[in-house]
There are 2 protein chains.
Amino acid sequence: MTARRRGKAPSQADVARLAGVSQSAVSRVISGNAATARIPEETRQRVFEAVRELGYVANPAARAMRKQRNNLLGVHTFERVFPHAHEDFYFAFLLGIEERAEETGFDLVLFTSTGPGRGGGGERGERKIYKDGTNRLNLADGSILLGVSTDRGELARLWYEGYPFVHIGRREVPGAEIPQIIPDYRTASARIVERLAELGHRRLGYVREWMEMEPYEDRRTGYAEAVGRLGLTDTSPGFHGTHGIESAWLDEVARGAVTAIVVESVRLAESLREQLAARGRKIPDDVSVAVLEAAPADLSGQWDSLVIPRTEIGRIAVDRLQTMLDDPDQRTGSLFVPCPLIPGTTVTAVRE
Amino acid sequence: MTARRRGKAPSQADVARLAGVSQSAVSRVISGNAATARIPEETRQRVFEAVRELGYVANPAARAMRKQRNNLLGVHTFERVFPHAHEDFYFAFLLGIEERAEETGFDLVLFTSTGPGRGGGGERGERKIYKDGTNRLNLADGSILLGVSTDRGELARLWYEGYPFVHIGRREVPGAEIPQIIPDYRTASARIVERLAELGHRRLGYVREWMEMEPYEDRRTGYAEAVGRLGLTDTSPGFHGTHGIESAWLDEVARGAVTAIVVESVRLAESLREQLAARGRKIPDDVSVAVLEAAPADLSGQWDSLVIPRTEIGRIAVDRLQTMLDDPDQRTGSLFVPCPLIPGTTVTAVRE
DNA sequence: AGGAGGTGCTCATACGTATGAGCGCTGATG
DNA sequence: CATCAGCGCTCATACGTATGAGCACCTCCT
């Protein structure tokens with residue numbers, strides 16, 4: 001390696017000078033579009049020689065400006081990644097995203113500058129896509145949005161501007177058809193009901209969380225549909241709005257009014273177990289219970305439940321995004337990803 | 001928002017047209033260097049109006065090309081981040097990096113494209129900085145290097161080319177003075193020895209890992225120095241080269257030849273505990289033991305040990321890098337970060 | 001009246017890369 | 001010998017932004 005302009009990285013022009021060719025020749029050699037190149041081996045060697053000598057490496061900014069690609073995939077999380085990664089929330093998604101990005105030769109940008117930063121925004125650390133008129137996202141060719149987006153307006157604008165992105169998880173935005181990749185809770189819930197039916201259960205119950213977010217809606221419709229389709233009976237007081245678990249209903253369950261219960265979260269399932277125990281009833285001996293949620297850590301509980309294929313979803317998100325990048329017109333719609341059921345010890349055949 | 005050129009993001013030129021000014025005026029308004037701007041409020045408003053109307057947002061590639069800054073900080077790990085994050089290795093570092101990046105308004109690039117990717121490289125998933133002549137790192141203004149770099153040559157080249165980076169952890173490269181940020185194992189080890197001395201211990205032992213890496217060297221010199229300085233006695237067979245823990249030496253320990261032992265890892269400490277137990281000796285009743293390593297998970301063991309302030313180190317790395325960016329000539333040297341000792345239940349005053 | 005100094009912009013250019021168009025040359029073909 | 005294809009390049013330009021230089025106009029002062 002020899003002389004280099006002080007403080008400046010060498011450019012193709014420098015290489016060209018050294019190799020005794022034009023800058024455009026250098027460009028052709030390096031980003032060798034062999035089809036249109038028409039540069040003989042000997043010249044190529046001279047150029048590579050000069051490249052080595054100067055330690056030339058392409059300027060990504062210039063390259064990005066010329067082509068319309070960076071090979072950068074953005075990851076926007078609406079909160080900080082790592083504290084949550086620790087709690088395994090974003091973690092598995094990121095795992096899949098990273099894997100797939102590596103496999104396809106992309107780098108990842110974590111948009112941290114969009115946070116409240118110095119002085120701006122609230123303590124909670126919520127991140128905005130648009131911040132004082134600057135959308136940092138378009139630094140990347142496209143982005144994956146992850147987490148709970150509080151501001152539907154931002155999503156709408158992003159979509160309107162034609163920026164390529166996919167949203168992990170369900171988020172309906174009126175007037176915008178944002179590409180989402182969604183765990184198929186609906187089918188999974190239905191399958192759980194089908195399985196209970198196969199095991200002879202006819203009278204089911206459903207215990208819901210208090211939240212009204214889209215993902216829960218899906219579970220609820222899946223359950224309701226399957227119950228209807230299979231001609232089963234649903235006797236859930238909570239199904240139409242109650243928050244806690246009504247003790248009157250629990251008494252009925254204890255009396256045998258219901259043989260299987262579908263529950264929206266492990267938290268509620270644990271509570272259910274206690275309350276039934278207080279009434280002298282055991283799971284699964286007296287009542288079968290399946291859970292419609294599974295954080296990885298919950299596996300220890302041995303609940304029969306569905307599993308959200310987080311890593312897989314991360315990988316899929318990357319692929320989807322790449323499809324969109326390759327063909328910008330193709331606005332791919334939403335994609336549902338099957339959620340496998342994992343067997344536990346809380347569901348058995350009905351005994352009567 | 002109205003007409004926009006099909007498939008193209010609006011540029012300053014478009015805004016200028018709409019506002020009836022020149023492109024350079026737009027640039028001055030937007031990246032308002034108030035000092036040289038000389039644009040009256042009325043015009044500014046017209047421009048902002050046009051910006052809003054078109055939904056203009058700056059093109060980061062062009063901007064990056066013009067200024068020499070992206071506000072992008074690279075994070076290069078020599079292996080995949082997330083599988084390890086899970087084991088809490090990279091995790092705490094990244095936590096600090098992310099925090100500090102957010103606070104200072106930088107985005108983070110995770111260099112994933114540098115991995116073996118499609119077809120290239122080994123199964124192990126090792127990542128290279130230089131890959132077919134392209135150094136992706138310079139996509140970012142500067143980078144933090146994290147983990148075990150196998151290839152010193154890459155570091156040397158990176159340094160030679162004047163790219164701003166800091167290396168977390170110690171890595172000596174002949175001929176290159178790479179800026180490192182290093183847990184101060186040496187002082188910490190010395191402090192542990194001092195503490196043992198204060199507690200009345202005079203005859204110490206040291207049990208070493210088999211590895212010969214720089215970080216262990218630091219621990220060893222710190223220990224040796226302190227022992228010398230305080231006039232203590234060291235009777236460690238392993239100190240000059242043995243791998244396992246010699247049973248002859250353990251017998252001596254059991255006979256009371258040594259009252260306190262410093263160990264390089266929790267793994268070895270656990271083993272030590274067992275072997276002493278087999279000889280009827282207990283920690284700390286008969287022998288005090290301190291550990292020179294602490295993965296977060298190890299805290300459960302209640303060993304007296306040092307703690308590596310990983311999050312803090314991540315934050316410091318970001319700040320260091322920024323200093324280098326602000327003043328490119330200033331090649332900051334290495335920085336040692338103090339490692340606090342955390343008290344456990346395995347060290348007590350000597351009893352005799 | 002004439003100059004000085006300030007205001008409100010515009011002009012031109014540079015950053016580094018990629019690429020369509022084109023130019024001069026050589027060798028083959030009719 | 002004229003023509004023509006193909007080779008091995010070079011020229012020129014565009015991408016979008018930032019910025020030093022400078023121009024036209026106005027106001028104020030002497």
Mind listing just one residue for me: the one in the stretch A:25-57 that is within 9 Å of DNA strand D (Cβ to nearest atom) and open to solvent by 50 Å² or more (accessible area, probe 1.4 Å) and, of those, modelled with the lowest pLDDT? A:Thr36
The number of residues in the stretch A:32-69 that are in contact (Cβ under 8 Å) with a residue 12 or more places away in the chain and hydroxyl-bearing (Ser, Thr, Tyr) is 2
Can you tell which of A:Glu212, A:Glu154, A:Glu172 is within 30 Å of A:Val263 (Cβ to Cβ) and not assigned by TED's automatic domain parsing to the domain that holds A:Glu252? A:Glu172
For the stretch A:43-75, which residues satisfy the criterion of being near DNA strand C (Cβ under 9 Å from one of its atoms) and either touching a Gly at 6+ places or on another chain (Cβ under 9 Å) or within 15 Å of B:Lys131 (Cα to Cα) (or both)? A:Tyr56, A:Val57, A:Ala58, A:Asn59, A:Pro60
From the option list A:Arg152, A:Arg171, A:Arg186, A:Arg157, single residue qualifying as within 19 Å of A:Ile97 (Cβ to Cβ) and among the basic types (Lys, Arg) is A:Arg171
Out of the stretch B:273-295, which residues are in contact with a helix residue (DSSP H, G or I) (Cβ under 8 Å, 6 or more places away or on another chain) and assigned to a helix (DSSP H, G or I)? B:Gln275, B:Leu276
Can we say A:Arg100 is surrounded by fewer than 16 Cβ atoms within 10 Å (Cβ to Cβ), modelled with pLDDT of 85 or more and more than 16 Å from DNA strand D (Cβ to nearest atom)? no
A:Glu198: under 16 Å from A:Pro343 (Cα atoms) and open to solvent by 30 Å² or more (accessible area, probe 1.4 Å), yes or no? yes
Which one of these is more than 19 Å from B:Thr187 (Cβ to Cβ) and surrounded by 17 or more Cβ atoms within 10 Å (Cβ to Cβ): B:Val263, B:Val291, B:Val253? B:Val253
Positions within the stretch A:165-195 being open to solvent by 30 Å² or more (accessible area, probe 1.4 Å) and in contact (Cβ under 8 Å) with a residue 24 or more places away in the chain, in sequence order: A:Arg170, A:Arg171, A:Glu172, A:Glu177, A:Arg186, A:Thr187, A:Arg191, A:Glu194, A:Arg195
Select from the stretch B:29-74 the residues that are over 30 Å from B:Leu158 (Cβ atoms), part of a loop (DSSP other than H, G, I, E, B) and more than 9 Å from every other protein chain (Cβ to nearest Cβ) and list them in ascending order. B:Ser31, B:Gly32, B:Asn33, B:Arg38, B:Ile39, B:Pro40
Check A:Gly162 against each of (1) touching a residue at least 40 places away in the same chain (Cβ under 8 Å); (2) open to solvent by less than 60 Å² (accessible area, probe 1.4 Å); (3) part of a loop (DSSP other than H, G, I, E, B); (4) under 17 Å from A:Asp218 (Cβ atoms) and name the one condition it does not meet. (4)
The one condition A:Gly105 fails out of (1) modelled with pLDDT under 85; (2) facing chain B (nearest Cβ under 7 Å) is (1)
The residue from B:Glu212, B:Glu264, B:Glu270 that alone is without any contact (Cβ under 8 Å) to a residue 12 or more places away in the chain and either farther than 30 Å from B:Ile313 by Cα or acidic (Asp, Glu) (or both) is B:Glu212
Can you find a residue in the stretch A:206-217 that is open to solvent by 20 Å² or more (accessible area, probe 1.4 Å), in a loop (DSSP other than H, G, I, E, B) and under 21 Å from A:Ile342 (Cα atoms)? yes
Go through (1) in a helix (DSSP H, G or I); (2) in the same structural domain as A:Met211 (by TED's automatic domain parsing); (3) modelled with pLDDT of 90 or more and name the single condition A:Leu268 misses. (3)
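The values are calculated or read from the model by the stated rules, or taken from the named source; none is laboratory data. Quick caveat, the model's predicted, so the values are computed rather than measured. Note that each Cβ is placed from the backbone with ideal geometry, even for glycine, and that neighbours are counted across all protein chains shown. We work out accessible area using only protein heavy atoms, side chains counted, and drop any ligands, DNA or RNA first. Shrake-Rupley method; radii C 1.70, N 1.55, O 1.52, S 1.80 Å.
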